[in-house]
Amino acid sequence: MTNEELHEQMVAAMKAKDKVRLSIVRQVMGEVKNLEVNERRDATEEDVNTMIKRLIKQTNETLEMSIKAANNQERTDTLTEQVSILESLLPAQLSGDALVALIEQTIAELGATTKKDMGRVMGALTKATGGNFDKPAAAKEVGARLA
C-alpha cells in the first residue's frame, strides 16, 4: 500500500464515519510520517507494508493479552476488528497455485536439489514476494520438493 492509498483510505473512513478504521489508518500514517521525518526520505510501498505488519504484530500481542485477561470483551472485540482492518490494508498474500508455481520456478532457477538448499529457496521467495506469502505452506511445499 502506498502513502497515497493510505490517504484515500483515511478519507473514505472519514466519509463513512468509521471511527475504528480511521483510527487505525491514522496510526499507520503517523508511523510512516515518523519514518519520513527520522530518515529524511519518502516512504516506499515496502516501508508502508512493513509499518502495517509491525502494527499487526503489536496489536495481536495486545489482543492475546486481552484474551488471556478475559475481563473486557469490548476491548477484545475492538482489537480483533483492528487486526482485521490492518490485514485488509496489506496486499493479498501469495498462496495456493501461484505460490506453488513460484516455488517451482525458484527451485529451478537456483538449481536446488537437497534440503540444505531450503534456506536459499525460502530466502529467494522472500525477496521475490517481499515476504508476502504463506510461509508455513511454502516451507512444507519446498521441503516436499527437495530430497
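The values are calculated or read from the model by the stated rules, or taken from the named source; none is laboratory data. No experiment lies behind these values; they were computed from the predicted model shown. Virtual Cβ from ideal backbone geometry, glycine too; neighbours counted across all protein chains shown. For the accessible areas, the whole protein counts, side chains as well, though only heavy atoms, and no ligand, DNA or RNA atoms are used. Shrake-Rupley method; radii C 1.70, N 1.55, O 1.52, S 1.80 Å.
Listed values, structure above:
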item	result
Which numbered condition LEU94 fails, given (1) open to solvent by 30 Å² or more (accessible area, probe 1.4 Å); (2) modelled with pLDDT of 85 or more; (3) within 29 Å of ARG21 (Cβ to Cβ)	(2)
Any chance THR106 is in contact with a Ser or Thr (Cβ under 6 Å, 6 or more places away or on another chain) and among the hydroxyl-bearing types (Ser, Thr, Tyr)	no
Filter pass, GLU109 being open to solvent by 60 Å² or more (accessible area, probe 1.4 Å) and farther than 27 Å from ASP18 by Cβ	yes
Leading residue by the ranking (farthest from THR126 (Cα to Cα)) among those in region 36-49 that are out of contact with any Ser or Thr (no Cβ under 9 Å at 6 or more places or on another chain) and surrounded by 12 or more Cβ atoms within 10 Å (Cβ to Cβ)	GLU36
Filter pass, LEU125 being open to solvent by less than 30 Å² (accessible area, probe 1.4 Å), within 30 Å of VAL20 (Cα to Cα) and assigned to a helix (DSSP H, G or I)	no
Single unsatisfied condition, ASP117 versus (1) open to solvent by less than 40 Å² (accessible area, probe 1.4 Å); (2) closer than 30 Å to HIS7 by Cβ; (3) of a type in the set (D, E, K, R)	(2)
Of all residues in region 52-86 being surrounded by 14 or more Cβ atoms within 10 Å (Cβ to Cβ) and within 9 Å of the chain's Cα centre (by Cα), the one that is farthest from VAL20 (Cα to Cα)	LYS53
Residue, nearest to MET1 (Cα to Cα), within region 128-139, restricted to residues that are open to solvent by 50 Å² or more (accessible area, probe 1.4 Å) and part of a helix (DSSP H, G or I)	ALA128
